[in-house]
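The values are calculated or read from the model by the stated rules, or taken from the named source; none is laboratory data. All values reported here derive from a predicted model rather than from experimental measurement. Positions of Cβ are generated from backbone atoms using ideal geometry, with glycine treated the same way; all protein chains shown enter the neighbour counts. Side chains included, ligands, DNA and RNA excluded: accessible areas come from the protein's heavy atoms. Shrake-Rupley method; radii C 1.70, N 1.55, O 1.52, S 1.80 Å.
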Amino acid sequence: FYMKTPPQKPSHSECSLLDHNDFWISSKRIVTPKGVISGAVEVKGGNIVSVMEEDWQENVGTGQVIDYGEAVVMPGLIDVHAHLDDPGRTEWEGFPSGTRAAAAGGLTTLVDMPLNSFPSTVSEETFELKIKAAAKRIYVDVGFWGGLVPENAFNASALEGLLKAGVLGLKSFMCPSGINDFPMTNAGHIKEGLSILAKYRRPLLVHAEIQQELEDIADDPRSYSTYLKTRPASWEEAAIRELLTITNGTRAGGPAEGAHLHIVHLSDARSSLDLIKEAKSSGDSITVETCPHYLAFSAEEIQDGDTRFKCAPPIRDAANREKLWEAMMDGHIDMLSSDHSPTVPELKLFTDGNFLKAWGGISSLQFVLPVTWSYGRKYGMTLEQLASWWSEKPAKLAGLDLKGAIAIGNHADIVVWEPEVEFDLNDSHPTYVKHPSISAYMGSRLSGKVLATFVRGNLVYKEGKHALAACGVPILAR
Ligand SMILES: NC(=O)N[C@H]1NC(=O)NC1=O
Ligand SMILES: [Zn+2]
Ligand SMILES: [Zn+2]
């Protein structure tokens, strides 16, 4: 991939809260691919140029050192599933608010979803609008998924135009997306999409739910259990079963070899997960993500009318959540993503509390690091696992070779945070998402405070302060 450089570059002092370009970051807990080390990371011109243990002091010379003591120095989080709604629905989120929230939360790269903005990113032309909207308005690096929709699925030159323009891969829905200009695809469209993607070696991300016949639901629309019954696990299972009839083509020697299928936001940890495990063991090129809200919450706890928790697929029972954690710890779920999908508070219908009519989507972007840690440490999650689920695997999925790990030659995308520091996420906590009140995490007590976030060596966030200029860059595939 390559980074699109803006025509007039802001000065270094506008891009970074730190004066220098060359410096060392030291800490007793640096998370590297070789484990957690005590040492220092040297940053030069935006890249990591050395990673040293014990004897690092001898090599520093007169270099500038920022010592973070016991705080954790980790690769910045990469969120491969964020809806920033820009252009066209910036009253819902937008590039400036979303990427500032990311920086404050320790995320250094986002990959923006092709829907919820207007227009949807489904062609070269609409992708051009995205890039324009992002120019000088992003505070972390941002890549983009394009949309696979019925209109372009059988139009190879249109799809190739979009891929050549630089989307990192494609995304499609197997059920209505909730957005009129982003219709759902069937297995035929998906098969066609994969055959094109194979050529570009980029992934297809799929929202895997297929609508099935429901028994009559005549219950109270304010009750969460009513909503849960409208999207049973069998919908996920049906979608995944259908996908797996196509993904066998991605095996070595198959007609879609080189393509990859990624299932987004898995909620069902039972049959659906079993199917995915089977496909993996058969050699299909397939991965799966889940989101912090499926790991943090359970249906039993969701209060009537509290539509902050409405999302699709839905948050299921507590036993399912335990199984999701088990699958995380056993490595059957590959990575995490936020599926940050906010809207305006009015569309959450808090007055009616109607789960059937409210906007489905959880607002979480700024909080995914402390949330993952707060819940995960109870299961024995390690810092290495955290870095794998939030940085290494997402970078691999999105094809970001220079991101996702603290390693020599990589971009200096780094988060520094204190796992042991607790805080109350309430109205007095500084939040940067556009509508903090709709976040399902408001009112929680969390563990893990972000001290500093570096994007390609720029200190973009430090304890409640952001760098002046938006020096994130659009990431384009080639
Ligand atoms: N359009 C959109 O963002 N839909 C998302 N919201 C959600 O809860 N699940 C989704 O797929
Ligand atoms: Zn989805
Ligand atoms: Zn989504």
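Some points to look at:
- Ranking Ala40, His81, Phe23 by how far each Cα lies toward the positive end of the dipole of segment 1-103 (charges on Cβ) leaves His81 at the top.
- Cross-link partners of Lys357 among lysines (Cα-Cα below 18 Å; sequence separation of 8 or more within a chain): Lys229, Lys310, Lys348
- Projecting the Cα positions of Thr372, Ala470, Ala452 onto the charge dipole of segment 350-478 (unit charges on Cβ atoms of Lys, Arg, Asp and Glu, taken about the Cα centre) puts Ala470 furthest along the positive direction.
- For segment 10-92, average projected area of the Cα convex hull in nm²: 8.0
- For the chain, the longest principal axis of the alpha carbon atoms and the long axis of helix 95-104 meet at an angle near 60°.
- Computed magnitude of the charge dipole of the chain (debye, nearest 20; Cβ of K, R +1, Cβ of D, E -1): 960
- Positive end of the dipole of the chain (Cβ unit charges, origin at the Cα centre): among Pro436, Ser298, Leu425, the Cα lying farthest that way belongs to Pro436.
- For Ile66, the residues whose amide H sits under 5 Å from its own are Trp24, Ile25, Ser26, ignoring neighbours fewer than 5 places away on the same chain, with H placed 1.01 Å from N.
- Per-residue HN-Hα couplings for segment 214-221 [Karplus 6.51, -1.76, 1.60; θ = phi - 60°; Hz; x = Gly/Pro]: 10, 6, 4, 10, 10, 8, 5, x
- With one equal scatterer per alpha carbon and no solvent term, the Debye-computed log10 I(q)/I(0) for segment 1-150 at 0.09, 0.16, 0.17 1/Å reads -0.38, -0.94, -1.01.
- In plain terms, the chain from Gln211 to Lys164 could stretch by 13.6 nm, reckoned as 0.36 nm per residue minus the Cα-Cα distance.
- Spin-label pair Thr351/Glu242, simplified geometry with 7 Å Cα→Cβ offset, distance in nm: 3.8
- Taking the centroid of alpha carbons for each part, segment 52-71 and segment 200-233 are 51 Å apart.
- Gain upon complete extension [Ser223, Thr62; 0.36 nm per residue less C-alpha separation]: 51.6 nm
- Reciprocal of mean inverse Cα separation for the chain (Kirkwood radius, Å): 22.4
- FRET efficiency for Glu70 and Met3, using Cβ-Cβ distance with R0 set to 51 Å, rounded to 0.05: 0.95
- Residues in segment 291-314 reached by a label modelled at Thr230 [backbone nitrogen below 19 Å; 7 Å Cα→Cβ]: 299-314
- Segment 157-248 - percent relative contact order, Cα under 8 Å, separation 6 or more: 28
- Column: log10 I(q)/I(0), Debye, Cα scatterers of segment 344-478, q = 0.10, 0.16, 0.18 Å⁻¹: -0.43, -1.03, -1.21
- P(r) weight above 17 Å for segment 149-244, C-alpha pairs, percent: 57
- Helix 124-134 vs. the chain, principal-axis angle (Cα, 0 to 90°, nearest 10): 40
- For segment 186-306, a crude dipole built from +1 on the beta carbon of Lys and Arg and -1 on the beta carbon of Asp and Glu, taken about the Cα centre, is about 940 debye to the nearest 20.
- The alpha carbons of segment 41-80 give a radius of gyration and a Dmax of 12.1, 39 Å, in that order.
- Taking every DSSP bridge with both residues inside segment 39-196, close to 35 percent are antiparallel.
- Accessible area, probe 1.4 Å, largest first, for residues Met335, Met329: Met329, Met335
- For the chain, the list of Cys residues with no other Cys C-beta under 4.7 Å reads Cys175, Cys291, Cys311.
- Between amide H atoms placed 1.01 Å from N, distances below 5 Å from His340 occur with His83, all of them 5 or more places distant or on a separate chain.
- Ranked by the mean number of other Cβ atoms within 10 Å of their residues, highest first, the peptides 306-318, 53-65 come out as 306-318, 53-65.
- Measuring r between the beta carbons of Phe154 and Asp181 and using R0 = 25 Å, the FRET efficiency lands at 0.90.
- Computed over segment 15-120, relative contact order equals 24 percent, with contacts defined as Cα pairs under 8 Å that lie 6+ residues apart.
- Per residue, the average separation of C-alpha pairs within less than 8 Å and at least 6 apart gives the chain a relative contact order of 24 percent.
- Using a Förster distance of 41 Å, the FRET efficiency for Asp55-Glu278 (Cβ separation, nearest 0.05): 0.25
- Rounded to 10°, Cα long-axis angle of helix 156-165 versus longest principal axis of the chain: 20
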